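Below you'll find the structure, written out as structure tokens, and then a few comments.
The values are calculated or read from the model by the stated rules, or taken from the named source; none is laboratory data. Note that the structure is a prediction, hence the values are computed from the model and not measured. Here the Cβ is made from the backbone with ideal geometry for all residues, glycine too, and neighbour counts use every protein chain on show. With ligands, DNA and RNA removed, areas are computed over all heavy atoms of the protein, side chains included. Shrake-Rupley method; radii C 1.70, N 1.55, O 1.52, S 1.80 Å.
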Amino acid sequence: MTLTFMNFKKSFLIAFVFLIATSLYSQTEFKKGVFITDTDDKVECFIKSMDWKSNPTEFKYKLTENGEIKTGFIEGVKAFEIYDISKYTRATVNIDRSSSNLNKLTTVKNPIFKEEQLFLKVIIESEASLYYYEGGNLQRFFYNLENEKIEQLIYKEYLYDVNLIGENNHYKQQLLNALKCKDISMNSIKNLSYKVKDLSRLFEKYNACIGGELVNFEKKEERDLFNFRAKLGLGSASLSIKNSVNPDQNADFDNEILFRFGGELEMILPFNNDKWAIVIEPSYQSYSSKKEVDIRYAGENEAETYIYEASYSIIELPFGLRHYFFLNNEDSKIFVNAFYTYFHTLDSSIKIRYGRELDVKNGGLLSIGLGYSYKKLSAELRIENFREFFGQYRYWDANYKQVTLLFGYQLF
């Protein structure tokens, strides 16, 4: 049985790597766009949509849909845009890179500026424009009025009076001075957060007030960030127990079919074109098996036969990461999962000789899965390699191996 499982595991991993490589090659991520060169040439092309979390310094593009992949660099490109998705403009700005990490806060209240050339993400484009920059954990907003230099909106956390954290909210004064309009009150700016939603709403209000034409690049097509699926599974499981003192008491239980049912809550992360998700999947399953074990004691010629019984029911709580690989369209995709699973046992034990019971403890394990989804339907093959049952017994160990085929249906 062990050899069979190891061969299956090896084949599964080979298929796992092959499908990832194939799906990576087949993804269609180049979308219609345009970029402007230093000589003000406007180049219509197909730009690889990466849904960048951190602002890029370069981008991939093709002049025709099936053309050669080329690279546009910040040094030669003034701006680039993926139609109906995003736009980035090059600017030389003063940026404060002071950390907001509690362990790295400085005692300096004022920003420490450094001049840099960046691709800024355009949020609002109008007479008053709003821009965004993110790099790692750093988040900064910039703005300008028509034909004026782009400046950072200043927000900074700092330490004062030993362990107290202060905030430099100078961005509110900057906006109060720049966006003069009867529809914008001092109180509305006083309560303004240093976030995309609040700032873009303010810039929309100002541009509407002065009658300016406006493009909001943040208003993309609405997408579901949370999905819930009902899940059913059919699995094959094997269990072996070992005694380090008396190997004659070892037992390898036969493969058993098990059923599993539960639900899956998926949260799509809002970057990289919806390819990453956090998944939580509570479920219930049970396992039972019997095995005849012949035990020969020292000095005796004949062995005694005992019936070992393994029986457990568990509630599992897998949580982990999922990565999607889109195929021909957004409805058809391959996905891979990596989970850490906490399991809680319910009235579970393994009976050995003389009716003695070994209790099964709660614990955790790692698992991987490879699946395919089409619209609301999904199927996944998942491997769980190891489950340690007997932490409280000094001389007993247990190994548990399981392969499960899971089917899912998205309810919402």
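Odds and ends about this structure:
- Among the residues listed as Ser311, Ser288, Ser349, Ser283, the single one being modelled with pLDDT of 85 or more and of a type in the set (S, T, N, Q): Ser283
- Condition met for Phe335 (surrounded by 14 or more Cβ atoms within 10 Å (Cβ to Cβ), at pLDDT below 85 and under 20 Å from Leu225 (Cα atoms)): no
- Being among the aliphatic types (A, V, I, L, M) and assigned to a strand (DSSP E or B) is a property that Val108 lacks.
- Search result, residues across the stretch 167-209 that are closer than 16 Å to Ser129 by Cα and open to solvent by 60 Å² or more (accessible area, probe 1.4 Å): Asn177, Lys180, Lys195, Lys197, Arg201, Lys205, Ala208
- Residue within the stretch 31-48 that is closer than 30 Å to Gly371 by Cα, of a type outside the set (D, E, K, R) and modelled with pLDDT under 90 present: no
- Test: residue in the stretch 79-100 that is more than 30 Å from Ile268 (Cα to Cα), among the small types (Gly, Ala, Ser), assigned to a loop (DSSP other than H, G, I, E, B) and without any contact (Cβ under 8 Å) to a residue 60 or more places away in the chain: no
- First in the stretch 195-208 and over 13 Å from Glu125 (Cα atoms) and small (Gly, Ala, Ser), second anywhere and open to solvent by less than 80 Å² (accessible area, probe 1.4 Å) and modelled with pLDDT of 95 or more, Cβ under 6 Å, 6 or more apart: none
- Residue, most open to solvent (accessible area, probe 1.4 Å), within the stretch 213-246, restricted to residues that are modelled with pLDDT of 85 or more and more than 28 Å from Ile278 (Cα to Cα): Glu213
- Considering (1) modelled with pLDDT under 95; (2) open to solvent by 30 Å² or more (accessible area, probe 1.4 Å), the lone condition that Leu105 does not fulfil carries the number (2).
- Residue match in the stretch 64-80 (condition: surrounded by 12 or more Cβ atoms within 10 Å (Cβ to Cβ) and of a type in the set (Ser, Thr, Tyr)): no
- The residue that is modelled with the lowest pLDDT, among those in the stretch 173-206 that are of a type in the set (Lys, Arg) and within 20 Å of Leu138 (Cβ to Cβ), is Lys197.
- Any hit, the stretch 262-282, residues being surrounded by 14 or more Cβ atoms within 10 Å (Cβ to Cβ), within 23 Å of the chain's Cα centre (by Cα) and under 30 Å from Trp396 (Cα atoms): yes
- Only a single criterion out of (1) within 30 Å of Gly371 (Cα to Cα); (2) in a helix (DSSP H, G or I) is not satisfied by Lys205, namely (1).
- Residue check for Phe259: closer than 30 Å to Gln410 by Cβ, open to solvent by 40 Å² or more (accessible area, probe 1.4 Å) and modelled with pLDDT under 80: no
- Test result for Ile47, part of a strand (DSSP E or B), hydrophobic (A, V, I, L, M, F, W, C) and either under 27 Å from the mean Cα position of the chain (by Cα) or more than 28 Å from Val196 (Cβ to Cβ) (or both): yes
- Restricting Ser126, Ser86 to those that are open to solvent by less than 70 Å² (accessible area, probe 1.4 Å) and out of contact with any Gly (no Cβ under 7 Å at 6 or more places or on another chain) reduces the list to Ser86.
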